[in-house]
Structures are given as C-alpha cells and as structure tokens.
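Data first, discussion second: the structure below is written as structure tokens.
The values are calculated or read from the model by the stated rules, or taken from the named source; none is laboratory data. Everything quoted here is computed from the prediction, not taken from an experiment. For neighbour counting, all protein chains shown are included, and Cβ atoms are generated from backbone atoms with ideal geometry for every residue, glycine included.
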Ligand SMILES: Nc1ncnc2c1ncn2[C@@H]1O[C@H](COP(=O)(O)OP(=O)(O)OP(=O)(O)O)[C@@H](O)[C@H]1O
Ligand SMILES: [Mg+2]
C-alpha cells in the first residue's frame, strides 16, 4: 500500500448488489473518524448521493473546467485556472460527515456531451493530493468499467456479492478481471444482503476466497431507501452500519500508516 496512510478503495459488483449503499456509508464512517474523504462516482446514473445523504444534482462538471490537451496527449486537460484541488473545492459537493462527493456528470443528451466532464473527473482523480484524501469509489454494475480500468486509482478493490447465482457469476468474473487487468494490491470479497452466517460462507466457498466482511440484509435500510434516507440517517446504530464499520476497520488495517495514525 502507499505509505501515505490514505485509503484508496473502489466498490465493484453486479448491478443492485449493494455497492453504492455500502460505499456511501463507508465514506461517511471514514469522514466521521476525522479523515478527509473524497467519494467518487463513475456511474453516469449516480448512486452515491442516496447513501451519502445528499440530494441528486444532475449538473455535470462544466465544460469550461477543461481546455484542449497538448498534441499526442489527452484530448482535454484541466483548464489553467483549475488544478485537482481547486476542482474538488469548486465542484465537489459537501456531504454529511464532511465527505466531499465528485461525480463526472449525468444525462445531457448524447454520452459524447459528457466527454469533457469525464476528462476533468479522471484527471482530478489521478492527480489529486494523495497525502490528503481517502478516495472511496463507486462503479456502475457489471464488468464494463472494470474491464477498461476505471478503478485504477484503487489499491483495494471490494467485490460486492449477494448470495445469488448471478451475483456470484459477476463476482467471479470481476475477481479474474481485476487481478489480470489492473492488478490492485488487494482484491477483497464483501458479502452483501446476507441473512445469516451461511450466506457469507456460501459466498466464500463458491468464490474460493476469504470474505473480508459480511454486510447483513437490513429492513430499516431498505425502508430508509423507500423514503430517500441514507442508511446512516435511517438506522444509525443498526446492524448494517455496524457491519460497514467492521469493513472500514478491516480496510484501514490493510494500511499500516493509517493504523499508526489512529493509535
Ligand atoms: N444491506 C441491505 N439491506 C437491504 N437492502 C439493501 C442493502 N444493500 C442495498 N440494499 C438495497 O438494494 C438496492 C440496490 O442497492 P445499491 O443501489 O446500493 O446497489 P448497487 O450495487 O449500487 O446497484 P447499481 O449497480 O445499480 O449501481 C437498493 O434498493 C438498496 O436500498
Ligand atoms: Mg450503484
């Protein structure tokens, strides 16, 4: 792991597995522990605001954030008046527990219209101050973005898996892909919506991998979602929040410098 003690984690998995619900809660719990957290969403249909507890904002990073890149370089680069930290200050939303949230854009006609926002987002994520930010990333469901290396910023990739055949199938592919395509330092399995220890065991044995943390199915979290409340606001002390807290501890323990900072 990087010696900075800053956490860089991404959540991948099948559509609907619980990535955004876990990632947003994870980001807030890190923020609550006094850390500077940037939550990043590379899903054009953002999922993180719901679990971070902020309203969805459909405005993309504006086009004037970038200018044409140098010959042979990227098509668009951050405009001279913006560096990654300035972009985060200007366009990163402030969320509960002090988390900053950055999303590249949303529906604005054809997907090509988001290219500039996407370049601004990518450059910011790869060049931000690594000594300052914990980065918590949420990817769209499935294998497409992971295939194209959209989680390269992450040292720890959490594959979120429900105890269902299709979720396990997707997880198996993602485990192979992440190891072969962009090789993060740690690929961890996170069991999601489990209804008992058997479910977590089933996931571990079917994937032939250790389960880093098991997050239970939670009726209060689901009820909160129905009224638009983030898990930590709907059920702050519940089993879901506790399990994500355990996941945070386990991920932090992978970072010796972060552990030293806490002691
Ligand atoms: N532990 C849980 N207990 C109960 N419901 C949950 C739990 N985790 C997630 N859900 C519910 O499952 C649904 C999908 O969750 P979420 O949006 O987090 O999945 P996702 O993996 O991010 O999906 P997508 O691939 O579409 O982005 C939501 O309605 C959410 O409230
Ligand atoms: Mg999601």
Those residues of the stretch 218-232 which are more than 16 Å from ligand 2 (Cβ to nearest atom), surrounded by fewer than 15 Cβ atoms within 10 Å (Cβ to Cβ) and either touching a residue at least 12 places away in the same chain (Cβ under 8 Å) or part of a helix (DSSP H, G or I) (or both), in sequence order: 219, 223, 226
If we keep just the residues of the stretch 1-48 that are near ligand 2 (Cβ under 10 Å from one of its atoms) and in a helix (DSSP H, G or I), which is nearest to residue 177 (Cα to Cα)? 19
Odd one out for residue 106 among (1) touching a strand residue (DSSP E or B) at 6+ places or on another chain (Cβ under 9 Å); (2) in a loop (DSSP other than H, G, I, E, B): (1)
Odd one out for residue 237 among (1) within 16 Å of ligand 1 (Cβ to nearest atom); (2) farther than 30 Å from residue 144 by Cβ; (3) free of Cβ contacts under 8 Å to residues at least 40 places away in the same chain; (4) in contact with a helix residue (DSSP H, G or I) (Cβ under 8 Å, 6 or more places away or on another chain): (4)
So which of 97, 57, 83 is at pLDDT below 90 and in contact with a helix residue (DSSP H, G or I) (Cβ under 8 Å, 6 or more places away or on another chain)? 57
Tell me, which residue of the stretch 106-138 that is at pLDDT below 95 and within 16 Å of ligand 1 (Cβ to nearest atom) is nearest to residue 23 (Cα to Cα)? 106
